[in-house]
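These notes concern the structure reproduced below.
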Amino acid sequence: MPARHSGIRLRPLVITAAGVLAAATLVAQAPIIVQNPKPPVFRAGTTLVPVDVRVLDRDGRPVTDLTAADFTVTENGVPQRVEFFSAQALTPADPEPGVSVRPTTAVSGDLAPRNRRLFLIYMGRGRLQEPSKGVDATLRFVRERLMPQDQVALMAWNRATDFTPDKARIVRVLEKFKTAHEGIEHELRLYFTGLFGLYGGRTVPARIQKMIDTVFDDPAAGTREVLQAGTLRAAEDDARRAVNDALARSDIESFRLFGFSDIRMTDGMFDPTLNMTFDQYIVLNRQTMQDVGNLYAGIDYLRFIEGEKHLVFVTEHGFYLPRAEYDSDLAKVASDARVALDTVHTGGVAASQGADGVVSVSGGFALRALREISDISGGQSSVSRMANDAYDRILNATRFSYLLGYTSTTPETTRRRTRAIKVTVNRRNVTVAHRRSYDVTSDSRTFDPRESLARTRLYSAVNTGWPVDDLKFTTRILSTREGSADVLNIELSIATDRLRMARRGDRHVAALSFAVLAGDSNQKDVGQLWETKDVLVPESRLAEINKSGLPVTLKLPVTARATFVKVVVYDYGSDLMGSIVHRMR
């Protein structure tokens, strides 16, 4: 199949328990707004690249009088011919009647400006009200500033609402968030602190989860769970190495595993280069991991919606990721999905002067990361300003936009899969916002509800520290040698009393998905298996299997001797799963 250069398809995220990336994802059944396109329309062919462009003057107002001749587009530094040009000014209108809410099966090739915007607002971790009045500004944005036809959804912690044009639904949740969020954040800081915060589990305890659920307890808002599979695993590993290195450098006499009181640091600082204590570092790292995971979830959610898509990230501190490339990777994923990441910083900037007279800004790297992800994805960034000003800039940037389309002249044989886009205009003193890259893919990507939901459920169970027994099964694992590889033969017997099997001719079908993770005595990963399959049961064997269990055999190559194997089974039909940790002898 020829490469599709529409730039719409998001590159797959490989998410494993010990891989480079473990992103979060929303439940696949979350609604996607099916839109009614309006002219003008251009059809994305095999090499058409769409670019949404917003141009602002020095006062942050949209520039509305540009023509196609005013734009220059390059891909990987090579000029491209603009084949499609459209200017779109938004005007207030009634919400589209009869808009259906259902998952799409693929990204349409018909791209067109639309007279409405989608805003997924993510209220990040930390204190968001003071000093910039972040929660009040978000309430004003939703209640007063959006157009009637705009769709909005809200996400916080591990919960999210549906998209809706009914702003009152979101306002009700935001008002409860304003009252409760600082108390919830206080409880989360106390729980995920010290070495437990870095090395312990990620599951929110039940008493805090109840507080979160109370905020989102509004049936009209259509609350859904954001299942957080984990984080950037490589980022977590880097953070732990930073802690280990700092502990090794510091003057430490003794410490306890789950406390900080016995750790003695030079001048009370965990690492002078970070300008924060050890506990502060751990708390911010935990917040960052959840924020990054939720942003990936939001991007994945918006991936198959066309039109003006914005993910607004309201944050106290920004990011504290150990490497700059993690920030840019997030931004590139958003850019590829045509999702603009707008960042609203609420925490202010603390500056201090050292003995040498040099003034340092606390969190400077984190704030630069916010600007970078907005810049790469084509969004707006506001740092150390009142939040109302930040939302005003977002609204100004989105009420008028240009849509450009060009045919890529980059050879299909190039080894570079990521193509860099640059758009300039022949107008002075303006700011041009647009997505800066897209990924070339050799296959078409469609939305598979079963695959997405199964992936979400499996990742959730893998990162849960206790067994899941909604779906019961037994395991028998034999270690064998096949050629030059060590292989674990995993024999499962799955109870059928809660399976929901479909009928296919004269057979019954169980739509099952499996995750198997093997580790050695040092908890090091030695093998993983992620598999989805249909298990067919003849009518003649159904009674026998209902009595003895549904047999399934899996094979897992391992790189070393495994001392434990975690097996997770998920049934798509019943939306139930089970997990077992098998100790090897």
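Numbers for the structure displayed
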| item | result |
| --- | --- |
| Amide H within-cut-off set for Asn115, under 5 Å, with H built and near neighbours excluded | none |
| Mean separation of Cα contacts under 8 Å, 6 or more apart, over the residue count of the stretch 466-583: relative contact order % | 35 |
| Prolate/oblate/rounded call for the stretch 460-585, Cα gyration tensor, a/c under 1.5 rounded | prolate |
| Which of Asp213, Asp375, Asp497, Asp300 has the fewest Cβ neighbours within 10 Å, and the rest in rising order | Asp497, Asp213, Asp375, Asp300 |
| Check: the stretch 466-583 dipole with +1 on Lys, Arg Cβ and -1 on Asp, Glu Cβ, in debye | 140 |
| Local electrostatic count at Val173 - Lys and Arg +1, Asp and Glu -1, tallied over other residues with Cβ under 13 Å | +2 |
| Backbone HN-Hα couplings from phi across the stretch 380-386 [Karplus 6.51/-1.76/1.60, Hz, Gly and Pro as x] | 10, 10, 10, 10, 6, 10, 5 |
| Listed residue pairs exceeding 18 Å between alpha carbons, taken from Lys133/Lys309; Lys309/Lys422; Lys133/Lys332; Lys309/Lys332; Lys176/Lys210 | Lys133/Lys309; Lys309/Lys422; Lys133/Lys332 |
| Under-5 Å amide H pairs with Leu576, H placed in peptide plane, nonlocal only | Asp571 |
| Ser493 paired with Thr559, simple spin-label distance in nm, labels 7 Å along Cα-to-beta-carbon | 3.4 |
| Ranked list, fewest to most other Cβ atoms within 10 Å of each Cβ, for Val215, Val537 | Val537, Val215 |
| Amide proton proximity set for Asp486, modelled H, under 5 Å, gap of 5+ | Val558 |
| Residues Asp486, Asp94, Asp571, sorted so that the one with the fewest Cβ neighbours within 10 Å comes first | Asp94, Asp486, Asp571 |
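Each value in this text was obtained by applying a stated rule to the coordinates, not by laboratory testing. From a predicted model like this one, the values you see are computed outputs, not experimental measurements. When we count neighbours, we look across all protein chains shown, and the Cβ atoms used for this are built from the backbone with ideal geometry, even at glycine.
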